[in-house]
Amino acid sequence: MNLKTQIAAVRYVMTAQRLVTSHMALFGGDVIDGFIFQAVIAANIAHVDSTPDTPSPWADLDTPQVPLESRRPIAISALAASLDMPRQTMWRRLQRLIKAEQILQTPAGILAPPGDPRGNAYDTALTRNTDLLTAFLRDAWLEDAARDGERLAALTLLERPDAPHRTVGRLSTTFILYVITEFARRTTGDLVDGYIQVGLALACASPGRDGRPRPMAAAPTRDVAELTGLAEETMRRRLHGLVTGGFAERTPHGYAPIWMSGDSASNLPDALSIGVTRLIRQVARLGV
């Protein structure tokens, strides 16, 4: 992908990620618990959108959430692998969600029951997600003609009055989790660091508080903290770790992700491209 499309994709991830991290407040602002909770939901219902020729009966806002009997449990080991986390760490964190009765432990694995704790606000978030994805696809441009054709097909579907908001939201959630997990896996291995790197990229591509472009395309700690919803002191410590690991650089104007540099040999743009291509293809197929 060209740099403009990379930035548009990062902007979409960080604006639509509220589908994933809006659960943070339920668990004391813990980002990872929010990711785990949404990863359980995504795994339980991924199969309902897996057959393009058979539209999901839970596609739009006029339909209910996927019922419990139609959800498929996920094994703890599979859930840990999906987020690249040690199984013991995953199990320890799951205990909080089980204790809070947000997820269920069954003999076959972990289930998230219907009845989103965010209530009707989540339906509003789904509609907003469709709007954000539409804006992203309008800004994007894929050099490969076939892939750009899929982008246009996806855009046509999203612009329909009867766009399948629930299905699109499920696909978007999987995409967001994939990008953040891959950013973590290909750098420090820490999920929060993956999340921060996406946020840092967007902060550096955004105008400063005065509305003017940032010098050196860098962002101060405070701005990245506000964008990601993390504490400023936590962000300062995390950004220092990314610099030490060679994944970001510190400038007089703030921090910048090395992977967005034209001279970088990072494989993060590749991970972003894979995720975008997969999402566009899945959405385009919904209109077939």
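Tabulated values for the structure
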read-out: Scan of segment 244-263 for residues that are more than 15 Å from Gly199 (Cα to Cα) and either out of contact with any helix residue (DSSP H, G or I) (no Cβ under 6 Å at 6 or more places or on another chain) or of a type outside the set (S, T, N, Q) (or both), ordered by number; value: Thr244, Gly245, Gly246, Arg250, Pro252, His253, Ser261, Gly262, Asp263
read-out: Hey, Gln88 among the polar types (S, T, N, Q) and assigned to a helix (DSSP H, G or I) or not; value: yes
read-out: Count - residues of segment 134-172 that are in contact with a helix residue (DSSP H, G or I) (Cβ under 6 Å, 6 or more places away or on another chain) and either of a type in the set (A, V, I, L, M) or not assigned by TED's automatic domain parsing to the domain that holds Asp49 (or both); value: 11
read-out: Scan of segment 188-209 for residues that are at pLDDT 90 or above and among the polar types (S, T, N, Q), ordered by number; value: Thr188, Gln197
read-out: Filtered residues of segment 210-251 (kept if more than 24 Å from the chain's Cα centre (by Cα), at pLDDT 90 or above and surrounded by fewer than 12 Cβ atoms within 10 Å (Cβ to Cβ)); value: Thr244
read-out: Residue ID - modelled with the lowest pLDDT, chosen from residues in segment 91-124 that are farther than 17 Å from Asn44 by Cα and not in a helix (DSSP H, G or I); value: Arg118
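The values are calculated or read from the model by the stated rules, or taken from the named source; none is laboratory data. Remember, predicted model here, so these are calculated numbers, not experimental data. For neighbour counting, all protein chains shown are included, and Cβ atoms are generated from backbone atoms with ideal geometry for every residue, glycine included.
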